[in-house]
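S.K.: To start, I am sharing the structure in question, which I have written as structure tokens.
The values are calculated or read from the model by the stated rules, or taken from the named source; none is laboratory data. All values derive from a computational prediction rather than experimental measurement. Every residue, glycine as well, gets a Cβ built from its backbone with ideal geometry; the counts of neighbours run over all protein chains shown.
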Amino acid sequence: MPIRLIWGSVCLLALLACGAFLLSPTPAAATLLQQSATATPASNSPVAAPAQATSPLTMTQPMTDTEMLTDSAALTETIMPTLAMAELQNITGTVVGSAHFTETTEGLQISIVISGFQDATAGEHGIHFHQVGRCTPDFAVAGGHFNPTKAKHGLDNPAGPHAGDLPNVEIDEEGNASYEALTNFVTLGTGENALLPADGSAIVIHAKPDDQATDPAGLSGGRIACGVLTAMEVPASEAPTAPPPVTGNNVQPEIRSATPERIAGLQVSEGFTISTFAEGLGSVRMMAQAEDGTLYVTRRGEGDVLALRDEDGDGKADDAPMIVATDLPSVHGILIQGDQIYLAMPTTITVATLQEDGMIGEQSVLVSDLPEAGQHGNRTMAFGPDGLLYVSVGSPCNACSFVNPEYATLLQVQPDGSSRTIFAAGLRNTIGWGWHPVTGEMWGMDHGSDWRGDDQPPEELNRLEMGNNYGWPYCYADKEIDPYLATVPQGMTKAEFCAQSVGPVLTYQAHSAPIGMIFYTGDQFPEDYQNDAFVAMRGSWNRQEPVGYKIVHIDFDEEGQPTTIDDFVTGWLLEEEIAQFGRVAGLLVAQDGSLLISEDTNGVIYRVSVNAEE
């Protein structure tokens, strides 16, 4: 069943930032904080009975937009510049919710919405702040509970709980929850119990309820969701306004196996045929081919690299793949330059020499300090016509302000990794990009934000140029203001910011999720495809009727400008079943001119070639 979420009140809570531990709130702020103590599941089931309020930490009733805006002038006086948010992801990296943190006169206000979290059983779950602001490559890196004073665990502990202890969150049978809590055990930015300084903090949901008594974690079980707290900036002069309510759908097509019958049902443009190059490969992502023809492919889930060969040239891998590099957490991007192979992980890029036997030699770290992964940690890279290394860095969240300026950018890196600069900004998650073979212009496909409806904002094809800002998170589509984002740009209004941003050249259906992109430079495809681009549309999860799960073709005219985007390979999405057997990822023009497509649902690499009779 699709999930319907109304976000108006939750998003607006993030605007009500006021100074922590001030002597007294304004009358309006005091009114807002005098709420009965309840925890409310986000479903049509009856609201749980009010819980007993516990000072200094309580559960609070969500506020209505009317209550929030009763006295906007008074509220403006209490706004402070620091807020925080976190995108909650499950163990596979799927976003299952978001959290907003607001410092008020009575403590830290925590507002969480969870949607379609099927990994969570119905009922209560422990939720805590943890001591390290990381959630990848697995949730263990978040460390133990945030507990600077080394206190015993549990809200029922008479000596006082951990600073990171919180009341349980109740998740309903559809995996939904709405959670409000108020704590003065922690702050965001100042004091002994500040969450954001140093290594930052994460908020973690556990598999079982916290009994609020047993040290060190209340028997709350394994970690099933994690989100990194990210600072947000709000100018003190900006009065809160209510974002429009939005209905969102969490519809994730069921996974089917890639049977011969389903593969035979794939549709490819006239004049082409599609076949399997290799199967059963695991979570294969990006690909690169060495000069000797060996195909190398990253496996993000396994944290390694495979090598495959097609010695007889029959369009199929000859033998079982060989694992040629390991211990590469969340490895994604791959690049081969001569006999050097570059591999990109969320924060690190390594370089090594390819060996004669196909193995990858000892790796040296080229870059070690890319921004933490957050929601979008899949780095891609390529050497440009200027000889510099370009690296994509996605945003840490769905839609938020952030402190590190390298988030949501393309970086320009010296080949030896000695320095780097921001090439282009305002790019939420541009994983697929490249240079037109004739004009040398750089083009990339950017992901639009989630939870803005089924058909907005669109995916964007941008002409990427040095120094440009493409608008995210404040703008989308053709420089339109994003009304759902609570924060505003530093030193200007959203309207002013969007007016000076750069809009897309073409747009595409929202939530299609572009990932791999490549220009065709082979000699097998017809003339009409020369110097055109192909994009892998990975597929939606945030739309009532799923879209994507296909390869599209971008037609470029004789002047090297894009004109249309049309289907090239379809059929991985089984619309009548609301199911899929392939979330496509990487694209590669092979040395023989065929187009290789990787997908990590069933671990298949497909090969598109011209029909033999053509």
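S.K.: Considering only residues that are more than 29 Å from ASP555 (Cα to Cα) and buried (at least 18 other Cβ atoms within 10 Å of the Cβ), which ones fall in the range 266-282?
M.R.: Across the range 266-282, the qualifying residue is only LEU281.
S.K.: So, THR104, is that one touching a residue at least 60 places away in the same chain (Cβ under 8 Å) and either assigned by TED's automatic domain parsing to the domain that holds GLN544 or over 18 Å from PRO167 (Cα atoms) (or both) or not? First the steps, then the outcome.
M.R.: Numbers: touching a residue at least 60 places away in the same chain (Cβ under 8 Å): yes; either assigned by TED's automatic domain parsing to the domain that holds GLN544 or over 18 Å from PRO167 (Cα atoms) (or both): yes.
Against the criterion (touching a residue at least 60 places away in the same chain (Cβ under 8 Å) and either assigned by TED's automatic domain parsing to the domain that holds GLN544 or over 18 Å from PRO167 (Cα atoms) (or both)), THR104 qualifies.
S.K.: Is it the case that the range 518-526 has a residue that's outside any loop (DSSP other than H, G, I, E, B), assigned by TED's automatic domain parsing to the domain that holds MET287 and closer than 24 Å to VAL95 by Cβ?
M.R.: Narrowing the range 518-526 to residues outside any loop (DSSP other than H, G, I, E, B): 518-519.
From what is left, the residues that are assigned by TED's automatic domain parsing to the domain that holds MET287 are 518-519.
So of that shortlist, the ones also closer than 24 Å to VAL95 by Cβ come out as none.
Within the range 518-526, none of the residues are outside any loop (DSSP other than H, G, I, E, B), assigned by TED's automatic domain parsing to the domain that holds MET287 and closer than 24 Å to VAL95 by Cβ.
S.K.: Would you pick out the residues in the range 560-577 that are among the acidic types (Asp, Glu), touching a strand residue (DSSP E or B) at 6+ places or on another chain (Cβ under 8 Å) and not in a strand (DSSP E or B)? Let's see the steps before the verdict.
M.R.: Going through the range 560-577, the residues among the acidic types (Asp, Glu) turn out to be 566-567, 575-577.
In the following step, the residues that additionally are touching a strand residue (DSSP E or B) at 6+ places or on another chain (Cβ under 8 Å) were identified as 566-567, 577.
Passing the criteria: only GLU577.
S.K.: Show me the strands (runs of 3 or more DSSP E) entirely contained within the range 288-398 in which 2 or more residues are touching a residue at least 60 places away in the same chain (Cβ under 8 Å) and either within 29 Å of ARG583 (Cβ to Cβ) or among the polar types (S, T, N, Q) (or both).
M.R.: Once the strands (runs of 3 or more DSSP E) in the range 288-398 are filtered for at least 2 residues that are touching a residue at least 60 places away in the same chain (Cβ under 8 Å) and either within 29 Å of ARG583 (Cβ to Cβ) or among the polar types (S, T, N, Q) (or both), what remains is 295-299.
S.K.: When you scan the range 538-553, how many residues do you find that are in contact (Cβ under 8 Å) with a residue 60 or more places away in the chain and not in a loop (DSSP other than H, G, I, E, B)?
M.R.: First, pick out the residues of the range 538-553 that are in contact (Cβ under 8 Å) with a residue 60 or more places away in the chain: 539-546, 549, 553.
Imposing the further condition that a residue be not in a loop (DSSP other than H, G, I, E, B) reduces the set to 553.
Total satisfying the criteria: 1.
S.K.: Taking ILE112 as the residue in question, decide whether it is assigned by TED's automatic domain parsing to the domain that holds LEU195, in contact with a Phe, Trp or Tyr (Cβ under 7 Å, 6 or more places away or on another chain), closer than 15 Å to ALA207 by Cα and buried (at least 23 other Cβ atoms within 10 Å of the Cβ).
M.R.: Numbers: assigned by TED's automatic domain parsing to the domain that holds LEU195: yes; in contact with a Phe, Trp or Tyr (Cβ under 7 Å, 6 or more places away or on another chain): yes; closer than 15 Å to ALA207 by Cα: no; buried (at least 23 other Cβ atoms within 10 Å of the Cβ): yes.
Against the criterion (assigned by TED's automatic domain parsing to the domain that holds LEU195, in contact with a Phe, Trp or Tyr (Cβ under 7 Å, 6 or more places away or on another chain), closer than 15 Å to ALA207 by Cα and buried (at least 23 other Cβ atoms within 10 Å of the Cβ)), ILE112 does not qualify.
S.K.: Let me ask you something else. Does the range 215-222 include one or more residues that are in contact (Cβ under 8 Å) with a residue 60 or more places away in the chain and within 26 Å of the chain's Cα centre (by Cα)? So that I can check it myself, show each step before the final result.
M.R.: Our first condition is that a residue be in contact (Cβ under 8 Å) with a residue 60 or more places away in the chain; within the range 215-222, this holds for 215-218, 220-221.
Next, only the ones that are within 26 Å of the chain's Cα centre (by Cα) stay: 221.
Looking through the range 215-222, at least one residue is in contact (Cβ under 8 Å) with a residue 60 or more places away in the chain and within 26 Å of the chain's Cα centre (by Cα).
S.K.: Still on this structure, I have one more. Of the conditions (1) over 15 Å from the mean Cα position of the chain (by Cα); (2) crowded, with 22+ Cβ neighbours inside 10 Å; (3) among the polar types (S, T, N, Q), ASN378 fails just one. Which one is it?
M.R.: Here ASN378 clears every test but (1).
S.K.: Okay, next question. Can you tell me which residue is surrounded by the fewest Cβ atoms within 10 Å (Cβ to Cβ) among those in the range 394-436 that are modelled with pLDDT of 95 or more and in contact with a Lys or Arg (Cβ under 8 Å, 6 or more places away or on another chain)?
M.R.: Selected residue: GLN414.
S.K.: Within the range 578-614, how many residues are outside any strand (DSSP E or B) and either within 23 Å of HIS447 (Cβ to Cβ) or at pLDDT 95 or above (or both)? Lay out the reasoning, then the answer.
M.R.: Taking the range 578-614 as the starting set, the residues that turn out to be outside any strand (DSSP E or B) are 578, 581-583, 590-594, 600-603, 611-614.
Filter again for either within 23 Å of HIS447 (Cβ to Cβ) or at pLDDT 95 or above (or both), leaving 578, 581-583, 590-594, 600-603.
Counting residues in the range 578-614 that are outside any strand (DSSP E or B) and either within 23 Å of HIS447 (Cβ to Cβ) or at pLDDT 95 or above (or both) gives 13.
S.K.: Only one of these is assigned by TED's automatic domain parsing to the domain that holds ASN462 and in contact (Cβ under 8 Å) with a residue 60 or more places away in the chain: GLN490, GLN509. Name it. Give the steps one after another, and end with the answer.
M.R.: Values: GLN509 fails: in contact (Cβ under 8 Å) with a residue 60 or more places away in the chain.
The unique qualifying residue is GLN490.
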